[in-house]
Amino acid sequence: MDVQAFWIVIGTYNQHTIAAQAVLLVFLVCSVILSYQRKNPWMAKFALGIANLFIGIVFFAWYGTEPIQKYFALPLYLLCGGLF
């Protein structure tokens with residue numbers, strides 16, 4: 001995989017998804033707080049699953065340009081998201 005292509009994908013992804021990333025970050029922090037306070041002990045796992053699915057679908061499937069992103073990283077992130 002070309003390093004320059006990888007950084008171009010990261011730059012494009014960050015420019016187009018900054019609002020979604022902010023919402024996801026707030027969701028993750030709130031989920032960890034709720035899990036830590038034992039109000040919803042499953043919430044942190046659920047939030048991590050959502051984050052992995054988001055990264056897999058948006059970063060690797062939508063913005064990914066290299067075969068290793070589509071055929072290696074995408075299934076890996078989807079599997080991790082599903083397992084969480």
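The values are calculated or read from the model by the stated rules, or taken from the named source; none is laboratory data. Keep in mind that what you see is a predicted model, and the values were worked out from it rather than measured. As a convention, Cβ positions derive from the backbone with ideal geometry for all residues, glycine included, and neighbour counts pool all protein chains shown. Quick note on the areas: whole protein, heavy atoms, side chains included, nothing else; ligands and nucleic acids left out. Shrake-Rupley method; radii C 1.70, N 1.55, O 1.52, S 1.80 Å.
Below are the figures for this structure:
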read-out: Scope the stretch 40-84; condition surrounded by fewer than 19 Cβ atoms within 10 Å (Cβ to Cβ), touching a Leu at 6+ places or on another chain (Cβ under 8 Å) and under 13 Å from Val9 (Cα atoms); matching residues; value: Ala61
read-out: Candidate set from the stretch 1-39 (those that are charged (D, E, K, R) and within 24 Å of Leu83 (Cβ to Cβ)); member that is most open to solvent (accessible area, probe 1.4 Å); value: Arg38
read-out: Enumeration of residues in the stretch 62-84 that are more than 26 Å from Cys30 (Cα to Cα) and touching a Lys or Arg at 6+ places or on another chain (Cβ under 7 Å); value: Gly64
